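Working notes for the structure below.
The values are calculated or read from the model by the stated rules, or taken from the named source; none is laboratory data. This is a predicted model, so every value here is computed, not measured. Please note: Cβ atoms are built from the backbone with ideal geometry, for glycine as well, and neighbour counts cover all protein chains shown.
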Amino acid sequence: MKDSSHIANLRKEYARKKLSVNDVLPNPIEQFESWFNEAMQAKIDEVNAMTLSTVCPQGRPSARIVLLKGVENKGFVFYTNYTSEKGRHLEATPYAALTFFWKELERQVRIEGSITKVSKSTSAAYFHSRPWKSQVGAWVSAQSQPLTSRFELMRKFATKAASLVGQQVPLPEFWGGYLLSPTRVEFWQGRPSRLHDRINYKLQESQWVIERLSP
């Protein structure tokens, strides 16, 4: 691209809402649930889509979009193939970051914390709630590994599906959930003149400290 000035000139003025320390709840997970519910009520498409950022063993960051599948008192749950690239990263370095961006509300949430696997029973319950074909797909995809062709993938799928017709698909040993337990959560609200509101929670001695950050 020889002239990227048209990209540099892209900008939007944010002015829908505001955010202060007095507006937020004491616990960041409860505050997240409040914002998430607002985003759902606004009918935002793929409201649970989030950027998952991990670090490879060489210390290089890597990011991709995944789907949030649960929020509980201890944190945020998502599911994947444990042998995938992100799974290998999390095995080596069990820390990650999540980022949500809801442009319709001019809001962003950044979450950082430690990673643990959810129980096998929890993974199984979610796995069997998925569409049957998605369950079969989990078995045949060697996620993040090179693939010779889509035809080869579909051939494996057809073979596996035929072997499981009329049966419950078993939970693969290599597939399951992760829980991110947050140590930092930041709520960002777009404001005019790029003077955005940023309210940050940081965990100190098991207590959440809330502070405003400069935009």
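Every condition in (1) exposed (fewer than 14 other Cβ atoms within 10 Å of the Cβ); (2) touching a residue at least 40 places away in the same chain (Cβ under 8 Å); (3) part of a strand (DSSP E or B) holds for Thr54 except the one numbered (1). I'm trying to understand the selection: among the residues of the stretch 189-210, which are out of contact with any His (no Cβ under 6 Å at 6 or more places or on another chain) and either surrounded by 15 or more Cβ atoms within 10 Å (Cβ to Cβ) or not assigned by TED's automatic domain parsing to the domain that holds Lys86 (or both)? Hits for the stretch 189-210 are Gln189, Arg191, His196, Asp197, Arg198, Ile199, Asn200, Tyr201, Lys202, Leu203, Trp208, Ile210.
State which residue is surrounded by the fewest Cβ atoms within 10 Å (Cβ to Cβ) when the search covers only the stretch 21-46 and only residues that are outside any helix (DSSP H, G or I) and in contact with a strand residue (DSSP E or B) (Cβ under 7 Å, 6 or more places away or on another chain). By that ranking, first place goes to Pro26.
Quick one: would you say Lys43 is in the same structural domain as Glu186 (by TED's automatic domain parsing), more than 14 Å from the chain's Cα centre (by Cα) and free of Cβ contacts under 8 Å to residues at least 12 places away in the same chain? Lay out the reasoning, then the answer.
Working: in the same structural domain as Glu186 (by TED's automatic domain parsing): yes; more than 14 Å from the chain's Cα centre (by Cα): yes; free of Cβ contacts under 8 Å to residues at least 12 places away in the same chain: yes.
For Lys43, the condition - in the same structural domain as Glu186 (by TED's automatic domain parsing), more than 14 Å from the chain's Cα centre (by Cα) and free of Cβ contacts under 8 Å to residues at least 12 places away in the same chain - is met.
Summed over the stretch 66-100, residues that are under 14 Å from the mean Cα position of the chain (by Cα), under 14 Å from Thr54 (Cα atoms) and surrounded by fewer than 19 Cβ atoms within 10 Å (Cβ to Cβ) total 3.
Within the stretch 111-154, the set of residues being without any contact (Cβ under 8 Å) to a residue 40 or more places away in the chain and among the hydroxyl-bearing types (Ser, Thr, Tyr) comprises Ser119, Ser121, Ser129, Ser134, Thr148, Ser149. Of everything in the stretch 73-107 that is in contact with a Pro (Cβ under 8 Å, 6 or more places away or on another chain) and small (Gly, Ala, Ser), the residue that is farthest from Leu179 (Cα to Cα) is Ala92.
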